[in-house]
1. Filter segment 495-510 for residues that are more than 31 Å from the chain's Cα centre (by Cα) and assigned to a helix (DSSP H, G or I); which is surrounded by the most Cβ atoms within 10 Å (Cβ to Cβ)?
2. Restricting the search to segment 255-270, which residues are surrounded by fewer than 19 Cβ atoms within 10 Å (Cβ to Cβ) and in a loop (DSSP other than H, G, I, E, B)?
3. Would you pick out the residues in segment 87-121 that are open to solvent by less than 30 Å² (accessible area, probe 1.4 Å), of a type outside the set (G, A, S) and either assigned to a loop (DSSP other than H, G, I, E, B) or in contact with a Gly (Cβ under 9 Å, 6 or more places away or on another chain) (or both)?
4. Say we look at segment 372-415 and pick out the residues that are out of contact with any Asp or Glu (no Cβ under 7 Å at 6 or more places or on another chain) and of a type in the set (S, T, N, Q); which of these is least open to solvent (accessible area, probe 1.4 Å)?
5. Name every residue in segment 173-205 that is more than 28 Å from E130 (Cβ to Cβ), in contact (Cβ under 8 Å) with a residue 24 or more places away in the chain and either surrounded by 17 or more Cβ atoms within 10 Å (Cβ to Cβ) or polar (S, T, N, Q) (or both), in order of residue number.
6. Looking at L214, is it more than 18 Å from C138 (Cβ to Cβ) and touching a residue at least 60 places away in the same chain (Cβ under 8 Å)?
Amino acid sequence: MKRITENTGRIVHVIKTTTAMALLMLAASCTQSGIDNPEITQEELHEHISFLASDSLKGRLPGTEEGRIAAEYIGNELMSFGFEAFEGGAYQEFEVVTAVTAGDCKLAIGDKEAVLSEEFTPFSFSENGEHKGEVVFCGYGFNIDSEELSWNDFSHDLTGKWALVLLGDPEPRNPDSKFIPYAGEKSKVVNAKDHGAAGVLFVSGVGFDKKDALTKMKIDQTGATLGIPVFHIKRSTADQILEGSETAVVASEPTIAALEASINEKLQPESFICKTVVEGVSEVEFTRVNTQNVVVYLEGNDPLLKDEYIMMGGHYDHLGLGGPNTSSRNPDTVAVHYGADDNASGIASIIEIGEWLAAHSDTLKRSVILTAFGAEEIGILGSKHFTSNPPVELDRVKTMINLDMMGRLKASNDLFIGGVGTSVEGEALLGELLGERELNLSFSYNGLGPSDHAAFYIEDIPVLFISTGAHEDYHTPEDVIEKLNFDGMVAISDYVTALALELINAEDPLTFQEAGPKKTVNSNRRSSVKLGIMPNFGQSDVKGLRIDGITSGGSADRAGMLKGDVIVAIEGKPIANIYEYMARMGALKPGMTITVDILRESKKEVVIVQLSNE
C-alpha cells in the first residue's frame, strides 16, 4: 500500500491499494480514539473527504466492499468520539437491487427463433415463466370508457393468448392528447391481463420510434412483476407474427407500419387474431446486494428531554465507476465518480459536528442520532429503510437535519436550506442563529426534495435540508476534492452546529406543519386523480401496496384510510404492487366514488372513497 502523509494533523490520502484488508487497515489508521481537537477545522474535513473520495474507494457504490469500508470508517470515527450503537449494532443492513438483466430468454415465432437483445428483450417487470399460444393484435392496448373518450382494443377473447400491442398512442405529436393518461406500458399490460392474456408483446410503430430501438431494462428496487411475460419485439419480428393474418383496415397483408398508420389516421380501434403461434420464455434476473446505514447516538442529560432525539444525517454512497446504468451525467464514461461534494462533504461535516457535540456532551439536554445513509443515489433507500425500521419510535425524533453537498460554497456565500416550512418556528430560528456569519440564506419551504430528508417529512417530522447546491461537476468524475471550498465548509459546519445545539437544548421542540405535498408519484403525467397517499416503493413480501403516508384532507384521509394500510384492490380489481396501483388509478376520474379493499392489521376491509383532484 502506497501512502502520502501530509503535515496537517492526521491527514492520510490514499493513492493506491490492492486489497480490502489494506483499506481496512488504512481506515483504522485514520480513526483516533478519543477527542484530541473538537474544533471543526479545514484539515480534519480534508482528511475525511480524502479517504471517502479516494481512488481506492471507487466511488462508494452500494453493495461493494468499498462502500462497506466507507461505512465502517464513518462508524469508527463517530464511536471513537463516544457515540454508541443502538441494539443491533451501528450498521443497519438492508438489500438493494443494483442491476437487472435478461437471463435465458427465448422467443420463437412459428419455427423461427428470435435473437435476444437484437430482435426482442424482456421488460424488467416481466414475470419469469414460459408460454406458448396464439397471438391477438390488440391495437394500442386501450380499454377506455370515459365521458370524453371511448376506446376498446379487446374485442377478441385473449384467454391463454399473447396480446400484440403498439407502444405509445395514436396522437404521438399532440402534447395535449386525451390518450396520454392511458399510454403507459404497465397500464396496457394490466388491461391485457384483465382480459385473460397470458403474455404481452409490445412493438414500436414508425410514428412512435422510427429507429425501432429495443427498450433498455430499468432497475426497479421493488423487483415487482405484472404476473405475465412481457417482451418488446422489433417491427420485423412483429411482421413475422402478422404474416397470413387478415384485417379490414389494410388492403394487403398487414404490417406494423401499415396498422399504426391506419389506426392513427382513423382514430378507430383495431384488433384481430393472428395465425402464428408464439412460444416465449422470460427470465429476468435482479442483482441484489446488501448495503448499510450507519446509525449511532449520544444520550442527552435532561431526565425528561433525553428521550427525545435531534437527528442529523446525510448519504455516504455515490455512483461507483458510473456507466450507463447509473445516474452519471457522463453515462458513456467508466471512471471513478469521486463524489467529493456529493456527499463526502456532508459526511465530513457530520463527523466533525459529531466530534464537537461529543466533546460537549455534558451540556446536551436531548439525545442526538447521527446517520450516514446508504443507497441515496438509487432512490433514498437508506433513509426509507431507517424510517421503516427505526431504532426508536419516530415520534421521538423531533427534527431531522440533512446535509447533502456542502462543499461548493460560492463567492456569493449563498446557502440553500429546504424544508423551512415544515415547522412553525423554523424560518425565524434560522435567521436568529445567522448572527454575524457571512452566509446568505436561501429558503425553500417544501418538505419533499431529492434527498434523504423526504423520508422523514412524510413521517410528520420537521426537516431542514442544507446544501450549497448543484454544479456542472455533479454526478461526473470531476466532483473531486481539489474543487471544494474548505473555508466555506467550516463556516457552514459551525452554523449547523449552532443550529443543532439550539434544537438539542430548546425548551420545546419544533412544531411540525405540512409544507407541500407528501407524495411524489402521479399515476400518469396528465392524470388528475389523487388518492392522497404516499405509496411504499420498497420491496415487500405482502401482495398489495402499503401506504406510507396520508395527505391531510385528501381522498384517502376523508375515507378513513390510515398509514400502514395495504391496498389490495380498487373497484374489485386486484392490486399486487405499485405498477398495478398506478395502472388502476390512471383509468379513474375526479369525482368518482370507488371501493378500495385494504388490509389493516391483516384484516380485510372495504373503504368507500370519493376521488378528488386535490
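The values are calculated or read from the model by the stated rules, or taken from the named source; none is laboratory data. Everything numeric here is computed off the predicted structure, so don't read it as measured data. Here Cβ is always computed from backbone atoms with ideal geometry, including for glycine, and neighbour counts include all displayed protein chains. All accessible areas refer to the heavy atoms of the entire protein, side chains included, with ligands and DNA or RNA removed. Shrake-Rupley method; radii C 1.70, N 1.55, O 1.52, S 1.80 Å.
1. As a first pass, look at segment 495-510 and keep what is more than 31 Å from the chain's Cα centre (by Cα): 498, 501-502, 505-508.
Those still in the list that are assigned to a helix (DSSP H, G or I) too: 498, 501-502, 505.
Values: A498: 15, L501: 20, E502: 14, N505: 16.
Restricting to residues being more than 31 Å from the chain's Cα centre (by Cα) and assigned to a helix (DSSP H, G or I), the top hit is L501.
2. T255, L267, Q268 - these are the residues of segment 255-270 that are surrounded by fewer than 19 Cβ atoms within 10 Å (Cβ to Cβ) and in a loop (DSSP other than H, G, I, E, B).
3. F94, V96, V97, V100, C105, L107, F120
4. T399
5. Matches in segment 173-205: F179, I180, P181, Y182, A183.
6. Yes.
So that you can scan it fast, the table gives a plain yes or no per residue for (1) over 27 Å from T511 (Cβ atoms); (2) acidic (D, E); (3) in contact with a strand residue (DSSP E or B) (Cβ under 9 Å, 6 or more places away or on another chain):
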{"position": "V295", "(1), (2), (3)": "no, no, yes"}
{"position": "M311", "(1), (2), (3)": "no, no, yes"}
{"position": "D342", "(1), (2), (3)": "yes, yes, yes"}
{"position": "L364", "(1), (2), (3)": "no, no, yes"}
{"position": "L370", "(1), (2), (3)": "no, no, yes"}
{"position": "E376", "(1), (2), (3)": "yes, yes, yes"}
{"position": "N389", "(1), (2), (3)": "no, no, yes"}
{"position": "G407", "(1), (2), (3)": "yes, no, no"}
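Table: residues versus (1) in a loop (DSSP other than H, G, I, E, B); (2) touching a helix residue (DSSP H, G or I) at 6+ places or on another chain (Cβ under 7 Å); (3) closer than 23 Å to E119 by Cβ; (4) at pLDDT 95 or above.
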position: P181; (1), (2), (3), (4): no, yes, no, no
position: S187; (1), (2), (3), (4): no, yes, no, no
position: K216; (1), (2), (3), (4): yes, no, yes, no
position: A224; (1), (2), (3), (4): yes, yes, no, no
